[in-house]
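The values are calculated or read from the model by the stated rules, or taken from the named source; none is laboratory data. Just so it is clear, the structure is predicted and the values come from calculations on it, not from any experiment. A quick note on method: Cβ atoms are made from the backbone with ideal geometry, for glycine too, and the neighbour counts reach across all protein chains shown. Accessible surface is based on the protein model in full, side chains and every heavy atom, while ligands, DNA and RNA are left aside. Shrake-Rupley method; radii C 1.70, N 1.55, O 1.52, S 1.80 Å.
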Amino acid sequence: MKEELDWANLAFGYIPTDYNVRCVYKDGRWGEIEVSSSETINLHIAASSLHYGQEIFEGLKAFRGADGKIRVFRLEENAARIQESARGILMEPIPTGLFAEMVRKVVKLNERFIPPYGSGASLYIRPLEIGISPRIGVKPASEYLFIVMVTPVGPYFKEGFKPTNICIMREYDRVAPRGTGRWKVGGNYAASLTAGEHAHELGYSAVLYLDPKEKKYLDECGPANFIAIKDGKYITPASDSILPSITNKSLQQLALDMGIEVEARHITVEELADIDEAAAVGTAAVASPVAEIHDLDNGNRYIIAKDGQPGPVVTALYHKLRGIQMGEEADVHGWNTIIE
Ligand code: PLP
Ligand code: COI
């Protein structure tokens with residue numbers, strides 16, 4: 001970097017870094033970790049990832065803490081989830097130890113891109129796996145490439161920790177019932193682009209998807225899970241067509257620690273009239289408070305943040321989570337991996 005990055009004003013976008021790490025699965029085994037400074041790969045034109053979407057990914061973050069240490073949040077959970085995604089679309093699961101070693105290595109190699117403590121930014125870690133064997137018949141590959149790249153990022157919702165409006169649009173589904181929604185498969189995101197862009201054009205930060213079978217229950221919120229606070233309880237949709245969010249799981253634990261009851265269950269659209277707070281939660285989104293939810297099919301408007309401010313429970317959970325990630329709060333659940 002010739003000049004320092006403007007850490008406090010980073011967007012959620014791609015900034016080149018010094019290195020990425022790669023590993024190939026071939027002849028029934030994973031090879032050596034390769035450190036690369038190239039931003040491109042050489043790929044067979046008939047690779048199964050290009051033709052039939054054999055691609056899965058993850059998203060996690062490294063933080064520079066108050067004590068100067070580097071912390072990566074819950075990397076074993078991301079390893080377990082990418083293994084589930086691999087099994088979901090018949091790819092080769094990466095072993096947890098190899099995943100962890102590659103994450104550590106790429107973070108350390110790109111240490112100068114970890115945003116400073118207090119900037120509000122972090123180093124986004126993006127592991128991905130693709131099928132690289134040539135396939136024209138619709139069949140899984142036998143060879144896979146696993147890459148971990150990193151890029152410094154600011155908040156996913158550019159408003160940061162400020163309530164935004166989201167919308168319900170029944171004309172779009174992101175995934176099918178019993179489909180790939182519970183896995184982090186690239187195709188799910190391709191399938192969300194039309195709805196997402198439509199919502200952005202209308203001024204909404206994200207789409208609140210409904211369950212694709214009955215369109216009765218809340219599912220998830222763009223690239224994040226949906227949570228709400230109702231009568232002092234933390235409620236979140238139970239659904240097999242949403243991604244099991246590690247942020248949501250962590251916030252549920254923090255809520256329990258604060259003596260807040262947690263319910264993972266079906267939440268009907270009508271129930272939105274009775275909730276006190278809501279947020280879209282995820283690694284990129286952290287906990288992004290919801291101001292209003294507009295049902296574009298019937299004109300119903302659910303005003304959640306009545307004074308336009310984030311509610312007290314979402315605010316407390318957000319600060320607790322950030323505090324643990326930054327090393328300001330005790331990591332009592334052992335969620336952080338310190339990179340030395
Ligand atoms: N739901 C979807 C569709 C996502 O892409 C993400 C992001 O990873 C999440 C939820 C949140 O998951 P996590 O908290 O593990 O990042
Ligand atoms: C994340 O939160 O890590 C995600 O993967 C969301 C995203 C697709 C930007």
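Things to note:
- All conditions but one from (1) open to solvent by 20 Å² or more (accessible area, probe 1.4 Å); (2) among the hydroxyl-bearing types (Ser, Thr, Tyr); (3) in contact with a Pro (Cβ under 8 Å, 6 or more places away or on another chain); (4) more than 18 Å from ARG71 (Cβ to Cβ) apply to SER241; the one that does not is (1).
- Test: residue in segment 195-210 that is outside any loop (DSSP other than H, G, I, E, B), within 11 Å of ligand 2 (Cβ to nearest atom) and surrounded by fewer than 23 Cβ atoms within 10 Å (Cβ to Cβ): yes
- Test set (1) more than 16 Å from VAL314 (Cα to Cα); (2) in contact with an Asp or Glu (Cβ under 9 Å, 6 or more places away or on another chain); (3) away from ligand 2 (no atom under 13 Å from the Cβ) - PRO244 fails condition number: (3)
- Failed item in (1) part of a loop (DSSP other than H, G, I, E, B); (2) touching a residue at least 12 places away in the same chain (Cβ under 8 Å); (3) out of contact with any Asp or Glu (no Cβ under 6 Å at 6 or more places or on another chain), with GLU214 passing the rest: (2)
- Flag for VAL290 being away from ligand 2 (no atom under 16 Å from the Cβ) and either surrounded by 16 or more Cβ atoms within 10 Å (Cβ to Cβ) or assigned to a loop (DSSP other than H, G, I, E, B) (or both): yes
- Qualifying residue in segment 253-260 (condition: open to solvent by less than 10 Å² (accessible area, probe 1.4 Å) and within 16 Å of ligand 2 (Cβ to nearest atom)): no
- Residues of segment 42-61 classified as away from ligand 2 (no atom under 16 Å from the Cβ) and either of a type in the set (S, T, N, Q) or within 19 Å of ILE94 (Cβ to Cβ) (or both), total: 6
- Residues in segment 306-330 that are in contact (Cβ under 8 Å) with a residue 24 or more places away in the chain, in contact with a Lys or Arg (Cβ under 9 Å, 6 or more places away or on another chain) and in a loop (DSSP other than H, G, I, E, B): GLY308, GLN309, PRO310, MET326, GLY327, GLU328.
- Residues of segment 212-235 classified as away from ligand 2 (no atom under 16 Å from the Cβ) and crowded, with 21+ Cβ neighbours inside 10 Å, total: 5
- Taking the conditions (1) out of contact with any Leu (no Cβ under 7 Å at 6 or more places or on another chain); (2) over 28 Å from SER192 (Cα atoms) in turn, LYS162 satisfies each one other than (2).
- Positions within segment 120-145 being open to solvent by 10 Å² or more (accessible area, probe 1.4 Å) and farther than 17 Å from GLN83 by Cα, in sequence order: GLY120, TYR124, ILE132, PRO134, ARG135, ILE136, GLY137, VAL138, LYS139
Yes/no per residue for (1) within 16 Å of ligand 1 (Cβ to nearest atom); (2) in a helix (DSSP H, G or I); (3) touching a helix residue (DSSP H, G or I) at 6+ places or on another chain (Cβ under 9 Å):
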| residue | (1), (2), (3) |
| --- | --- |
| LEU90 | no, no, no |
| ILE94 | no, no, yes |
| ALA100 | no, yes, yes |
| ILE130 | no, no, yes |
| LYS139 | no, no, yes |
| PHE146 | no, no, yes |
| VAL150 | yes, no, yes |
| PHE157 | yes, no, no |
| TYR172 | yes, no, yes |
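- Filter result for LYS249 (part of a helix (DSSP H, G or I) and either touching a helix residue (DSSP H, G or I) at 6+ places or on another chain (Cβ under 9 Å) or farther than 25 Å from GLU84 by Cα (or both)): yes
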